[in-house]
Amino acid sequence: MKTLLITGGAGFIGSHVVRLFVKKYPNYNIINLDALTYAGNLENLKDIDGSPNYTFAKGDITDEVLITKLFEKYKFDGVVHLAAESHVDRSITDPFAFIKTNVFGTANLLNAAKEAWKGNMDGKRFYHISTDEVYGSLGETGLFTEETSYDPRSPYSAAKASSDHFVRAYFHTYGLPVVISNCSNNYGANHFPEKLIPLSIHNIKNNKPIPIYGKGENVRDWLWVEDHARAIDVIFHTGVDGETYNIGGNNEWTNIALIHALCEIMDRKLGRESGESAKLITFVKDRAGHDLRYAIDSSKLQRELGWSPSLQFEEGLEKTVDWYLANQEWMDNVTSGQYQTYYKKQYEER
Ligand code: NAD
Ligand code: DAU
């Protein structure tokens with residue numbers, strides 16, 4: 001019997017991780033701690049709500065008293081830490097929110113784990129989920145490896161890089177048994193429509209412009225979110241203390257090529273003429289400090305822990321579109337209220 005704290009489990013990736021762990025490990029007691037910010041949504045987990053091995057706790061990772069109390073109450077054996085402010089554009093307009101949650105929140109969890117586990121760290125594990133953006137921006141060639149120097153360039157990636165450094169500092173200074181993974185761009189169900197793929201699906205469906213930053217030549221390496229959740233399972237259970245693992249899809253697309261592929265799928269699914277959705281593509285002012293290219297070398301994870309991505313992108317993209325079309329109510333709920341204000345500020349007033 002293990003008791004695990006998963007943070008940020010009501011968000012995009014966290015919801016897939018919580019579902020996988022709750023279903024695969026009925027003998028684990030899983031506590032999902034999430035502040036339910038605009039990005040957190042308990043609808044993402046309604047199918048497992050009520051499972052005997054699952055508890056939801058609403059709370060903020062920056063709250064020192066709460067985190068200490070949770071460690072005392074549940075006596076966690078492990079932490080899988082996903083809670084974060086995750087959107088680069090929001091980090092440009094509100095960097096301090098990212099410093100607070102991503103840096104201070106992570107340090108707060110590390111410290112609580114250190115205090116709770118001091119004296120006996122056997123069988124304990126603190127797993128920090130991070131991003132490939134800490135490595136900066138690639139030119140036209142090359143891949144990020146675990147040895148690539150950190151070179152974060154947005155407030156989001158600087159805050160994530162800082163949190164990674166704190167995790168390693170707790171390993172070296174206090175012997176906290178930590179493991180870190182740095183993953184490329186995820187896509188799939190439950191992705192909040194501030195990010196490129198779900199935002200574009202939503203706009204195409206509603207015949208609204210698809211905003212492409214700059215010339216659409218930036219490259220991202222896309223990974224099916226359930227493949228990321230599987231990697232997290234493998235790393236949590238078999239990764240080596242103090243190690244870092246890169247996770248990626250080996251699947252690079254320029255934004256413009258991706259959006260054209262998405263438009264074709266949407267034309268087919270919505271019964272539109274081929275080329276109709278692509279007419280919505282609109283080039284807009286570039287993101288400040290926009291990283292040109294991310295691409296991950298995940299050979300360490302593949303070689304040492306036996307993980308590999310399962311799904312081809314075309315199939316994954318089609319499944320993603322199917323999910324959004326079948327879950328219109330989910331989209332309606334997350335795009336009402338606050339989202340309208342965000343969208344106006346980000347796209348109509350910039
Ligand atoms: P998300 O924004 O969809 O979800 C974040 C979750 O964290 C939300 O449920 C939110 O309510 C919660 N949260 C935010 N602040 C909190 C706080 N102070 N206390 C408690 N909960 C809080 O993010 P995501 O895309 O699912 O990303 C999850 C993690 O994976 C993040 O750490 C992110 O940096 C990392 N990551 C994401 C990607 C990606 O492509 N989305 C890729 C690599 C790594
Ligand atoms: O690489 C991993 C990272 O991927 C994660 O750490 C982040 O949490 C996650 O948000 C994601 O960051 P990106 O900035 O790459 O994702 P986003 O979907 O915001 O943008 C993908 C690309 O599309 C990027 O080059 C910017 C561009 N873009 C984005 C939006 C929202 C547009 O052209 N138009 C848009 O409206």
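Could you list, in sequence order, all residues of region 217-239 that are touching a strand residue (DSSP E or B) at 6+ places or on another chain (Cβ under 6 Å) and closer than 28 Å to residue 268 by Cβ?
Answer for region 217-239, where residues must be touching a strand residue (DSSP E or B) at 6+ places or on another chain (Cβ under 6 Å) and closer than 28 Å to residue 268 by Cβ: 217, 219, 220, 221, 222, 223, 225, 228.
Can you tell me which residue is nearest to residue 184 (Cα to Cα) among those in region 267-298 that are touching a strand residue (DSSP E or B) at 6+ places or on another chain (Cβ under 6 Å), outside any loop (DSSP other than H, G, I, E, B) and hydrophobic (A, V, I, L, M, F, W, C)?
296
Determine the pairs where a residue that is closer than 13 Å to residue 11 by Cα and of a type in the set (A, V, I, L, M, F, W, C), located within region 191-204, has a partner that is modelled with pLDDT of 95 or more and more than 10 Å from ligand 1 (Cβ to nearest atom) with Cβ atoms under 8 Å apart, the partner being 6 or more residues away or on another chain.
Matching pairs, first to second residue: 192/198; 192/334.
Quick one: which residue in 201, 232 is within 30 Å of residue 79 (Cβ to Cβ), within 20 Å of the chain's Cα centre (by Cα), outside any loop (DSSP other than H, G, I, E, B) and more than 10 Å from ligand 2 (Cβ to nearest atom)?
From the options 201, 232, the qualifying one is 232.
Can you find even one residue in region 163-181 that is assigned to a helix (DSSP H, G or I), within 9 Å of ligand 2 (Cβ to nearest atom) and touching a residue at least 12 places away in the same chain (Cβ under 8 Å)?
no
Condition first: touching a Pro at 6+ places or on another chain (Cβ under 9 Å) and surrounded by 15 or more Cβ atoms within 10 Å (Cβ to Cβ). Can you find one or more residues in region 303-315 that meet it?
No, region 303-315 contains no residue that is touching a Pro at 6+ places or on another chain (Cβ under 9 Å) and surrounded by 15 or more Cβ atoms within 10 Å (Cβ to Cβ).
Suppose we filter 300, 344, 285 for residues that are more than 16 Å from ligand 1 (Cβ to nearest atom), farther than 17 Å from residue 197 by Cα, loosely packed, with under 15 Cβ neighbours inside 10 Å and touching a residue at least 40 places away in the same chain (Cβ under 8 Å); which single one remains?
285
Working only within region 204-229, note down all residues that are assigned to a helix (DSSP H, G or I) and within 14 Å of ligand 1 (Cβ to nearest atom).
Of everything in region 204-229, those that are assigned to a helix (DSSP H, G or I) and within 14 Å of ligand 1 (Cβ to nearest atom) turn out to be 225, 226, 227, 228, 229.
Could you please tell me which pairs satisfy a Cβ distance under 8 Å, a separation of 6+ or placement on different chains, a first residue in region 1-23 that is polar (S, T, N, Q), and a second residue that is part of a helix (DSSP H, G or I) and within 13 Å of ligand 1 (Cβ to nearest atom)?
7/14; 7/109; 15/44; 15/45
The values are calculated or read from the model by the stated rules, or taken from the named source; none is laboratory data. Keep in mind it's a predicted model, so treat the numbers as computed, not measured. Using ideal geometry, Cβ is built from the backbone for each residue, glycine included, and neighbour counts are taken over all protein chains shown.
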